[in-house]
Amino acid sequence: MDQSPEKASTPKRSTNEIDRIRELVVGPQLRQSEQKIGALQKDLERLQRELRQLRSQQSEQNQTLTERLQQQHEELQDSVGDVRNELRQVTAGLDQDKVDRQKLGDLFIELGSHIKDGGAIADVLQSLFEAE
């Protein structure tokens, strides 16, 4: 039951021959596929780096926009406050400058009576300015 050296090397030789045939038939396609996979991996790594950079830029822009928005909001609040204060001052001034209807009516009655009695309007106006 001894195997001859020729029979023992046959499976080895046949495996080597199969490998050589496979290399001849499929080898170039495997190398080409490996090259394509390597290129795709490099592209993927490059795209991932670019994506990280874009995310970082977007984060910075968001922060900048948020700060500008807050600043503009504060400026708007200040402007609204200024307008309210000015409106209060104008309203207070109007209240002080407003003529009482009763006094105005009395003044017209007095003016009408004075003119009716033959007096000059200038005299009435003169007496009004002196009264103030």
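The values are calculated or read from the model by the stated rules, or taken from the named source; none is laboratory data. Since the model is a prediction, treat every value here as computed from it, not as a measurement. Positions of Cβ are backbone-derived with ideal geometry, glycine not excepted, and every protein chain shown enters the neighbour counts.
Tabulated data
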read-out	value
Test: residue in segment 22-30 that is surrounded by 10 or more Cβ atoms within 10 Å (Cβ to Cβ), of a type in the set (Lys, Arg) and modelled with pLDDT of 85 or more	no
Options LEU54, LEU104; residue that is at pLDDT 95 or above and in a helix (DSSP H, G or I)	LEU54
Boolean, GLY38 is out of contact with any strand residue (DSSP E or B) (no Cβ under 6 Å at 6 or more places or on another chain) and on the phi > 0 side of the Ramachandran plot	no
